[in-house]
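Presented below is the structure to which this report refers.
FYI, it's all coordinate maths here, none of it is from the lab. Fair warning: this is a prediction, and the values are worked out from it, not measured in the lab. Here the Cβ is made from the backbone with ideal geometry for all residues, glycine too, and neighbour counts use every protein chain on show.
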Amino acid sequence: MTVASGQDAVPATAAPEVEFISLTHTNASTELAPIPTRGLDPAYIRRYVRALEDGGFDLTLLPYGSGSADSFVLASAVGQLSDRIKPIVAVRPNTVFPTVAAQQLATLDQLTEGRAVVHLISGGSDVEQARQGDYLSKTERYSRTSEFIDILRRSWIETEPFSHEGAHYRFDGFGPGFPPHAGSIPISIGGQSDAAFEIGGTKADVFSFWGEPLADIKSQIERVHAIAAASGRTDRPRIWVTFRPIIDRTDELAWAKAHDYADRIARTFESGAFRARPQGTPQNVGSQRALEFARRQEVYDRALWTRTAAATNGLGASTALVGTPETVAAAILDYIDLGASLVSIRGYDTLNDAIDYGRYVLPLVRQELAHRKATGRRGCVQAEHLGALATAGRP
Ligand SMILES: Cc1cc2nc3c(=O)[nH]c(=O)nc-3n(C[C@H](O)[C@H](O)[C@H](O)COP(=O)(O)O)c2cc1C
């Protein structure tokens with residue numbers, strides 16, 4: 001294998017492998033075409049999970065909100081509807097005692113033969129937290145998450161009964177608890193507050209981001225890695241980045257579609273038909289950052305588009321990648337080059353997009369990584385599919 005230099009060189013920070021994440025939608029309602037239902041559609045879920053598995057996705061997030069379906073129950077269903085895909089259960093520590101969460105996760109892990117992952121959400125909105133009786137400040141919520149992680153891990157491996165007395169939890173003589181399939185279960189952290197970085201850097205297996213411009217996320221990744229190194233751990237949290245790609249046969253068609261989508265999303269949120277658009281400045285730092293990027297600029301780098309984030313007032317994952325499958329694959333590789341090894345992509349036309357990504361985007365990214373592995377050099381997808389970089393800086 002030759003060592004490449006210049007344009008061909010694979011950056012030292014690049015992740016050698018990638019796993020693709022989706023989010024399990026439970027019915028056909030989308031921001032583009034809301035269907036007035038609050039119910040699950042089991043046939044739709046089966047089709048969606050099958051599409052993810054057939055398309056080569058590796059993981060799928062079961063998100064959590066006070067008004068959503070329960071993420072644990074859904075994760076269990078996803079596990080039984082699939083053979084390979086790993087369910088990521090979003091858990092807010094205020095909703096479950098940590099030894100019980102450890103038991104539920106270990107049960108899911110055994111049922112899926114080692115596929116369970118947990119994504120810890122400390123809570124980004126005081127109003128939403130209060131809906132389920134949580135009145136702690138965000139700082140206290142993150143401190144509780146930190147203690148929650150310690151208890152989860154200990155509950156999974158401790159072979160003798162143990163007691164615990166901390167700032168948030170107290171119990172006596174728990175254990176040995178129900179163990180995971182083998183060893184432990186990966187723990188991911190969501191959130192961009194300073195406390196999220198501190199806990200993620202010192203304790204998490206995975207640290208997650210919504211889609212940010214390359215320069216900004218680069219410094220955020222360096223920040224979390226520096227915290228990990230300073231804490232004395234020998235490994236680093238894996239980096240998860242999240243996008244909502246909008247793809248079509250040409251970049252021009254994809255941009256036309258993107259503008260149409262942004263108009264439709266704005267109308268959906270104005271009508272209140274999908275979810276209420278949060279008003280004012282969101283309390284969670286992740287959404288504040290998304291809105292600040294949208295205020296600064298609409299298009300960043302090769303394909304990152306922020307108008308979709310502005311249209312929802314930064315609600316959840318909302319930044320898009322726009323272009324052909326090749327341009328979007330190249331944009332994803334830009335993030336892999338910075339060290340992201342988990343890439344979440346879900347579209348706005350949820351089921352159809354999941355099928356299209358599996359057919360047209362995932363193989364391109366995987367082909368490039370296989371080429372790099374075989375030759376030690378970059379392939380041509382990033383050099384040939386410049387997207388917005390082709391026109392950047394031109395009058
Ligand atoms: C990839 C990812 C997935 C997330 N999933 C959820 C979720 O399912 N439910 C939720 O309430 N918040 C979710 N969040 C939001 C944050 O975790 C949450 O707002 C955080 O607890 C506090 O945010 P802050 O530290 O940025 O202020 C997610 C965040 C990321 C990055």
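Observations
- The chain: angle of helix 251-271 to the longest principal axis, Cα-based, in degrees nearest 10: 50
- Pairwise label distance in nanometres, Thr139 with Leu253, each label 7 Å out on the Cα-Cβ vector: 5.4
- Rough spin-label spacing in nm, given labels placed 7 Å along Cα→Cβ, for Asp349 and Ala28: 1.4
- Cα-only Debye scattering, segment 245-380: base-10 log of I(q)/I(0) at q = 0.09, 0.21 Å⁻¹: -0.29, -1.31
- Here the Karplus curve 6.51 cos²θ - 1.76 cosθ + 1.60, taken at θ = phi - 60°, turns the phi angles of segment 309-324 into couplings of 5, 4, 5, 10, 6, x, 6, x, 6, 9, 7, 9, 10, 10, x, 5 Hz, with x standing for Gly and Pro.
- The ranking of Lys203, Lys257, Lys373 by Cβ neighbour count inside 10 Å, starting from the fewest, reads Lys373, Lys257, Lys203.
- Helix axis angle, 138-157 relative to the chain longest principal axis, alpha carbon, degrees: 70
- Chain lengthening between Arg46 and Arg84 when straightened (0.36 nm per residue, less Cα-Cα): 12.2 nm
- Once the Kirkwood radius over Cα pairs is known for segment 99-193, the Stokes-Einstein relation at 10 °C and 1.306 mPa s delivers a diffusion coefficient of 111 µm²/s.
- The chain: angle of helix 285-296 to the longest principal axis, Cα-based, in degrees nearest 10: 20
- Normalised per residue, the volume of the convex hull around the Cα set of segment 346-395 (Å³): 101
- Fewest-first ranking of Val328, Val127, Val365, using other Cβ atoms within 10 Å as the exposure measure: Val127, Val365, Val328
- Kirkwood hydrodynamic radius (C-alpha pairs) into Stokes-Einstein, the chain, 4 °C and 1.567 mPa s, D in µm²/s: 60
- For the chain, the Cβ-based charge dipole about the Cα centre amounts to some 260 debye (Lys, Arg positive; Asp, Glu negative; other atoms uncharged).
- Using R0 = 22 Å, the C-beta based FRET efficiency linking Glu160 and Arg233 works out to 0.30.
- Extension reserve of the Asp263-Asp194 stretch, reckoned as 0.36 nm per residue once the Cα distance is removed: 21.4 nm
- Those chymotrypsin sites (Phe, Trp or Tyr not before Pro) in segment 199-296 that DSSP places in a loop and that have at most 14 other beta carbons within 10 Å: none
- For Thr60, the residues whose modelled amide H falls within less than 5 Å of its own, excluding neighbours fewer than 5 places apart on the same chain, are Ser22, Lys86, Ile88.
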